[in-house]
Amino acid sequence: MTSISLIQINHLAVHVAELSRSVHFYAGVLGLQQIEEPFKDGLHAWFSIGVGASLHLIEAEECPREKSKVNHLCFSVSDFEGFLARLSAIRHPYGNWQGEEGAITYRGDGIRQIFFQDPDGYWLEINDDF
């Protein structure tokens with residue numbers, strides 16, 4: 001029997017319409033740390049998302065138009081209340097799974113989560129499962 005190699009996430013790639021706007025969002029709103037970008041062509045940006053994984057933004061024409069909340073990026077934060085305060089301070093809307101603005105979803109296991117969209121309409125979940 002052949003052994004199975006270990007697997008771990010390396011990066012998530014997201015198609016964006018305007019790289020500078022998305023860099024501002026992911027650094028300014030989410031507080032992600034930008035890391036070295038290997039292509040150096042002005043069409044890519046990379047952010048650390050923990051434990052060796054990264055978020056890779058790629059600017060290209062014709063971003064997908066259909067954005068479903070079911071397909072979302074999820075980040076866990078150590079200070080959920082602090083993150084909510086940050087969103088409120090910059091007046092960035094968020095809501096629960098049902099779409100009620102300013103509301104929080106409580107999962108069956110007690111984890112709190114909110115949802116909002118990035119500049120290209122992709123859905124993000126922030127939760128306190130840190």
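The values are calculated or read from the model by the stated rules, or taken from the named source; none is laboratory data. All values derive from a computational prediction rather than experimental measurement. Backbone-built Cβ (ideal geometry, glycine too); neighbour counts: all protein chains shown. Just the protein is used for accessible areas: all its heavy atoms, side chains included, with ligands, DNA and RNA removed. Shrake-Rupley method; radii C 1.70, N 1.55, O 1.52, S 1.80 Å.
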> In the stretch 1-27, how many residues are touching a residue at least 24 places away in the same chain (Cβ under 8 Å) and open to solvent by less than 80 Å² (accessible area, probe 1.4 Å)?
Replying inline: 12
>> Out of the strands (runs of 3 or more DSSP E) lying entirely within the stretch 38-121, which hold 1 or more residues that are open to solvent by 70 Å² or more (accessible area, probe 1.4 Å)?
In response: 112-117
> Residues of the stretch 1-54 being under 26 Å from Pro93 (Cβ atoms) and in contact with a helix residue (DSSP H, G or I) (Cβ under 7 Å, 6 or more places away or on another chain), which ones?
Replying inline: Val16, Leu32, Gln34, Ala45, Phe47
> Residue check: is Leu30 open to solvent by less than 30 Å² (accessible area, probe 1.4 Å) and closer than 29 Å to Ile7 by Cβ?
Replying inline: yes
>> Based on this model, can you work out whether Arg65 counts as within 16 Å of Asp128 (Cβ to Cβ) and modelled with pLDDT under 95?
In response: no
> What is the number of the single condition among (1) under 13 Å from Leu124 (Cβ atoms); (2) open to solvent by 50 Å² or more (accessible area, probe 1.4 Å); (3) of a type in the set (A, V, I, L, M, F, W, C) that Ile35 does not meet?
Replying inline: (1)
